[in-house]
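Before I ask anything, let me first share the structure, which is written out below as structure tokens.
The values are calculated or read from the model by the stated rules, or taken from the named source; none is laboratory data. Bear in mind that the values here come from a model prediction, so they are computed numbers and not experimental data. Cβ atoms come from the backbone with ideal geometry, glycine included; neighbour counts cover every protein chain shown.
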Amino acid sequence: MPTPRLTELPDAVLCLIEKASGPITDIGTVSAGLNSAIAAHVRTTDHTLFVKGLPLDHPWVWTQRREADINPYVRGIAPKLVWHMEDDGWSLLGFEYVTGEHADFTPGSPDLPAVMAAMTRLSEVPAPGIELKSMPHRLRKYVNDPAELSWFAGNSLLHTEWNPHNVLMTSSGALFVDWGWASLGAAWIDPALWLLWLIARGHTPSQAESEAAAHPA
């Protein structure tokens, strides 16, 4: 169920942003995405940020904390988190603003090799010592025999949410955003989930499998 997006930032949120980054000079709300009540480009006198947030009583507020915890481990393949605060009824994340476009997953897109290169870099990141969901647990309702869950077990850090809105194409390559559902599991799961999005964007199954097969897993 998508989280309704606010078109104007509440006064409490504005005060928290200014407390962290100084006086606000410009705000532009963002419509893309499904899981944040607040998503905005914010300029202050000293910073340009992407700010996302959820009320502290939202059932998915834990995803905000997960993103904050994981950010130090995925530098170079994700925008840098500048601050995280939970106060006055809100959980807010302030990221370094990155100029880029959402990835194009259609057949022949020049974005595909860069996405795979960044996904390969992710596969080389050691599992961080933080609490993460496991893929056997997340997929437990999709098997008939619990023994089949062993196929999904592993210690690889996975992004798992491969909607093209979660991939920004920048001048230096692909960056991945929205890490709230990062999990641990078998290394092949990320390219397999990406494969499904490639099909959704026009690839045939064989074309999608060929693209995903470039992943080392």
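Could you please tell me which pairs satisfy a Cβ distance under 9 Å, a separation of 6+ or placement on different chains, a first residue in segment 128-149 that is outside the structural domain of residue 71 (by TED's automatic domain parsing) and at pLDDT 95 or above, and a second residue that is among the polar types (S, T, N, Q) and loosely packed, with under 13 Cβ neighbours inside 10 Å?
Pairs found: 136/150.
How about segment 56-82: which of its residues are of a type in the set (Val, Ile, Thr), out of contact with any His (no Cβ under 8 Å at 6 or more places or on another chain) and outside any helix (DSSP H, G or I)?
74, 77
Do you know which of the residues in segment 14-29 that are of a type in the set (S, T, N, Q) and either exposed (fewer than 12 other Cβ atoms within 10 Å of the Cβ) or modelled with pLDDT of 90 or more (or both) is farthest from residue 93 (Cα to Cα)?
So the residue we want is 25.
Exactly one condition in (1) on the phi > 0 side of the Ramachandran plot; (2) within 15 Å of the chain's Cα centre (by Cα); (3) surrounded by fewer than 16 Cβ atoms within 10 Å (Cβ to Cβ) is not met by residue 165; state its number.
Single failed check for residue 165: (1).
Could you check, for segment 197-207, whether at least one of its residues is among the small types (Gly, Ala, Ser), within 28 Å of residue 54 (Cβ to Cβ), touching a Leu at 6+ places or on another chain (Cβ under 8 Å) and at pLDDT 95 or above?
The answer is no, given that none of the residues of segment 197-207 is among the small types (Gly, Ala, Ser), within 28 Å of residue 54 (Cβ to Cβ), touching a Leu at 6+ places or on another chain (Cβ under 8 Å) and at pLDDT 95 or above.
Taking interchain pairs and intrachain pairs at least six residues apart, which have beta carbon atoms under 6 angstrom, with the first residue in segment 153-181 and outside the structural domain of residue 52 (by TED's automatic domain parsing) and free of Cβ contacts under 8 Å to residues at least 60 places away in the same chain and the second crowded, with 21+ Cβ neighbours inside 10 Å and of a type in the set (S, T, N, Q)?
Between residues of segment 153-181 that are outside the structural domain of residue 52 (by TED's automatic domain parsing) and free of Cβ contacts under 8 Å to residues at least 60 places away in the same chain and residues that are crowded, with 21+ Cβ neighbours inside 10 Å and of a type in the set (S, T, N, Q), the close pairs are 158/183; 160/183.
Being surrounded by fewer than 18 Cβ atoms within 10 Å (Cβ to Cβ) and of a type in the set (Asp, Glu): is that true of residue 86 here?
yes
Check 120, 204, 160, 170 and return the single one that is crowded, with 18+ Cβ neighbours inside 10 Å and among the polar types (S, T, N, Q).
160 is the lone residue from the list that is crowded, with 18+ Cβ neighbours inside 10 Å and among the polar types (S, T, N, Q).
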